[in-house]
Amino acid sequence: MQKKPPRPDRRGPLPGDHPATSSPRRPKPAASAVPRDAPGIKNPYVRFRPLKRPPVQLHSSTLWDYPSQHYGSGSQGSQGYRGATPSHVIWNVVERTTKEGDLVVDPFCGSGTTIDVCRDLKRRCKGFDLVSSRDDIVRADARELSQHVDKETAHLVFFDPPYADNLNYSDDPACMGKLPFAGSAWSQAMGKVLDELWTITRPGGHIAGYVSDILHVEHKKQKQGGRELKSIEKEFQPLGLELSNLARARGFVFVDHVCVVRRGKALDDPRLRARAVDDGFMLRGFSHLLIFQRPATRAPLPARAVTFASKKAPTPPVPAPRSTRKPPRRRR
């Protein structure tokens, strides 16, 4: 039986192939020709391949996302600092609300991210923190900021305060990171900070607060009737709403509210994500960026400002009880 001739390759020769040595299979490209990303953060979608940082630019919506803690080829602040603010957030706020030569103040400067961003954008910057980590950060309490900054001189105040007692920032007893959210201790301290921000911010200037809500989930076990019962207790702490309420109560005008996508190992952990679904809670997937403007004149404070951290809610007025006595009959 005569064999059939091989079917010709319909794809034809590949570009660059020699006609005499053309192969139906596409040759493998050289290792130097394979595109590779520049050193950066790890790509969450491709294992063991770094992700190139895109150029930082102004966001067009109120949902901000950037795949790295830092922008550019270098770093702003310290990568290992716990609770560091993503530098693209500060870059966008500074670029939108100030111009070259303006003064930017950060009362919770941490590792100096705001100072580095302002240096890139040619803004003057004064950074303060209760624990100074760099020579250009002045040691000061944010509740006494007016002692270090002249009155009505700041064009922008960017602040990323401790999220109540969620993280231990220092051993200093005056640290706001030791104040619990419940019982209004954190709210009272943040109110003093906002009073100081009003003093140092010039009329028409802006303040921008970056905070995240906290959800505490606790698993409890108890024995009842020879059986072990499991329960889950949840405590939600809305720091974003609380900060908004405190700022407006002091006369600041709400300009905008931005949601910044959070990135971290906890959100990418499949075990933690499965636990959230099974136990009926949601991981914190975004942080609040609240932008306010200081008007020329300060509106009077409301007579009673109720905060979300207050345990006792205002009691509604109780109507007077109706009389059960029947009215007398009218005589004809």
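The values are calculated or read from the model by the stated rules, or taken from the named source; none is laboratory data. Please read all numbers here as calculations on a predicted model, not as lab measurements. Counting neighbours? That spans all protein chains shown, and the Cβs are built from the backbone with ideal geometry, glycine included.
Restricting to the range 148-191, count the residues that are of a type in the set (Lys, Arg) and surrounded by fewer than 16 Cβ atoms within 10 Å (Cβ to Cβ).
Summing the residues that are of a type in the set (Lys, Arg) and surrounded by fewer than 16 Cβ atoms within 10 Å (Cβ to Cβ) in the range 148-191 gives 1.
Report every pair of residues separated by at least 6 positions or lying on different chains whose Cβ atoms are under 9 Å apart, first residue within the range 235-247 and over 23 Å from residue 219 (Cβ atoms), second hydroxyl-bearing (Ser, Thr, Tyr) and part of a helix (DSSP H, G or I).
242/187; 243/187; 245/187; 246/187
Write out, first by first residue and then by second, each pair whose Cβ atoms fall under 8 Å of each other, whose residues are 6+ apart or on separate chains, and whose first residue, in the range 130-146, is over 16 Å from residue 77 (Cβ atoms) and touching a residue at least 40 places away in the same chain (Cβ under 8 Å) while the second is surrounded by fewer than 20 Cβ atoms within 10 Å (Cβ to Cβ) and of a type in the set (S, T, N, Q).
130/170; 145/199; 146/199
Please enumerate the residues belonging to the range 155-191 that are at positive phi and under 21 Å from the mean Cα position of the chain (by Cα).
Residue satisfying the conditions is 164 alone.
Pairs under 9 Å by beta carbon, first residue over 18 Å from residue 127 (Cβ atoms) in the range 74-88, partner of a type in the set (Phe, Trp, Tyr), six or more apart or different chains?
So the pair list comes out as 88/64; 88/66; 88/71.
Only residues in the range 184-208 that are over 20 Å from residue 254 (Cβ atoms) count as the first member; pair them with residues that are among the charged types (D, E, K, R), Cβ under 7 angstrom, at least 6 apart or cross-chain, and list the lot.
Close Cβ pairs (under 7 Å, with a partner that is among the charged types (D, E, K, R)) amount to 189/143; 192/143.
Of the residues that sit in the range 192-227 and are of a type in the set (S, T, N, Q) and not in a strand (DSSP E or B), which one is surrounded by the most Cβ atoms within 10 Å (Cβ to Cβ)?
Here the answer is 212.
Out of (1) at pLDDT 95 or above; (2) within 23 Å of residue 204 (Cβ to Cβ), the odd one out for residue 250 is which?
Going through the list (1) at pLDDT 95 or above; (2) within 23 Å of residue 204 (Cβ to Cβ), residue 250 breaks only (1).
Residue 77 versus (1) at positive phi; (2) at pLDDT below 75; (3) surrounded by 10 or more Cβ atoms within 10 Å (Cβ to Cβ): which is the lone unmet condition?
Only one criterion in (1) at positive phi; (2) at pLDDT below 75; (3) surrounded by 10 or more Cβ atoms within 10 Å (Cβ to Cβ) is unmet by residue 77, namely (2).
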